[in-house]
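Data block below; observations after.
Quick note: the coordinates plus some simple rules give every number you see, no bench work behind them. Computed from a prediction, not measured in an experiment: that's the story for all the values here. As a convention, Cβ positions derive from the backbone with ideal geometry for all residues, glycine included, and neighbour counts pool all protein chains shown.
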Amino acid sequence: MATDAPDITPDEDGPGDAVGWSPETARGGEEASLLDDLAARGLISDSTDLDALAHRLAEGPITLYCGFDPTASSLHAGNLQQLMLLARFARAGHRPLVLVGGATGRIGDPSGRDNERPLLDEATLAANVAAIRDQVGRFVDVVSEGALVDNHDWTGPLTLLDFLRDVGKHVNIGAMLARDSVRSRIDRDAGMSFTEFSYQLLQAHDFVQLHRSHNCELQVAGSDQWGNITAGIDLARRMDGAALHGLTSPLIVRADGKKFGKSTGGAIWLAADETSPYAFYQYWMQIPDDDVESMLLRLTFLSVLDISAIITVHRKEPHRRQGQRALAHHLTAIVHGDDAARSAANASEVIFGGRPAGLDRPSLEMLANEVGFTGVGDEELQDGLDPAELFVRSGLARSKGEVRKNAHGFRVNGSPVDLDRSIGADDLLAGYAAMLSHGKRKHHLLVHADSVVG
């Protein structure tokens, strides 16, 4: 059971006392190391009581949860921090639960939003839940541990009268109105529907149910969820006399100051068919220098000391973008696998001026998907292809005359084109493709027609 936690009054909507906590106040150095590491990584924003949480962690493994609403068919970059936080707790020996909001996803969380979300149909929600289940499995073992739960399982069977009688009577309406996520919307002309207003009560009920069924004692989330978390803690205290804990992390924001999300435009998805591994890799390669250290600390498993060493090298030669390379590689490997990370790095080097010689087929396939390709058959390759005609066929030149007049600007596999020599099967790298280039940034692949581009 949890040790005593502070009494969270229902109208509290500000941060807890995370400031001022130190690992020395916890019992035992080993048990305090997880919170110490989280603090060093900048992953602690609000907490009910870090002293009480540190004491609880010192007693043994704790069950915690984080929720993700299936309002899209994929999670996105803004979810990475919380997925990694669950994984950090798992690596420290604790038991994380991943809640997929099959019920709350039917409503949509109003936190941090100016307008109400569109409601999704049952079939779309079911498909989204299934897709997200596969994605979270890359971070937390949800199969063997049974760590994936769906709040529709306990919310769906509830009747309205049961919910109002058993749950609603414990909640103060004044406290709900005082939450930042509610107050900011009510003050706007569009206001807030009762559907969205009820969201925090449903999430609070989730915490109660998970404590009852899984002895879950801690909820983690981004800082925009603080009001919903404290609502759950207060509800559990009122309904069951339970002392639960809450911990939030600062939101990751884009360069324009907005949080990562699927509704703010330009979302970076974790699904490869929504954001390709190459595009995912390139996004992190473009992170500003000032944000690299924070992203490495908050989104990778690299140790704080290793990150410090990377940043030291990066600051000496920022033009080499060593920090961004480390960030892009580690995040792509976590989300898409080591092979995809390597191929994305290889493709990136070639697109930005490197030579393609020596590229393996997976890297060439990734390049073909990013820059485009033209298929050629066996007979054409055996007879040999006119290079000037190929550049026109690929769209890299307007006419063969343009290629002949400026031959120095056209390359085949990184070398200046020889207009007197035809291109054939011997020019295919890895027996798969040849790379045509015009200048430094325009590329196109010539692919064997019988090959299948992945």
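Let me know the whole percent of all Cα-Cα pairs from the range 326-374 that are separated by more than 14 Å. Mind showing how you got there, number by number?
Values: 571 of 1176 pairs.
Distances greater than 14 Å cover 49 percent of the Cα pairs.
Please give the Cα centre distance for the range 404-453 versus the range 337-390, rounded to the nearest Å.
9
For a label point 7 angstrom out from the Cα of ARG421 toward its Cβ, which stretches of the range 378-393 have the backbone nitrogen within less than 15 Å?
Hits in the range 378-393 for ARG421 at 15 Å: 384-388.
For ALA130 and ALA430, calculate 0.36 nm times their separation in residues minus their Cα-Cα distance, and state this gained length in nm to one decimal.
Numbers: separation 300, 0.36 × 300 = 108.00 nm, distance 3.67 nm.
Residue separation times 0.36 nm, minus the Cα-Cα distance, leaves 104.3 nm.
Can you grab the distance from the C-alpha centre of the range 184-236 to the C-alpha centre of the range 36-57, Å, no decimals?
20
What fraction, in whole percent, of alpha-carbon pairs in the range 343-454 exceed 19 Å separation?
Numbers: 2317 of 6216 pairs.
I get 37 percent for the Cα pairs in the range 343-454 exceeding 19 Å.
For the range 343-436, with the dipole built from +1 on Lys and Arg beta-carbon atoms and -1 on Asp and Glu ones, taken about the Cα centre, which of VAL371, ALA397, VAL412 lies farthest toward the positive end?
Highest projection toward the positive end goes to ALA397.
Ranked from highest to lowest mean number of other Cβ atoms within 10 Å per residue, what is the order of the peptides 58-65, 214-221? Mind dumping the intermediate values first?
On the way: 58-65: 16.5, 214-221: 22.9.
By packing density, highest mean first, the sequence is 214-221, 58-65.
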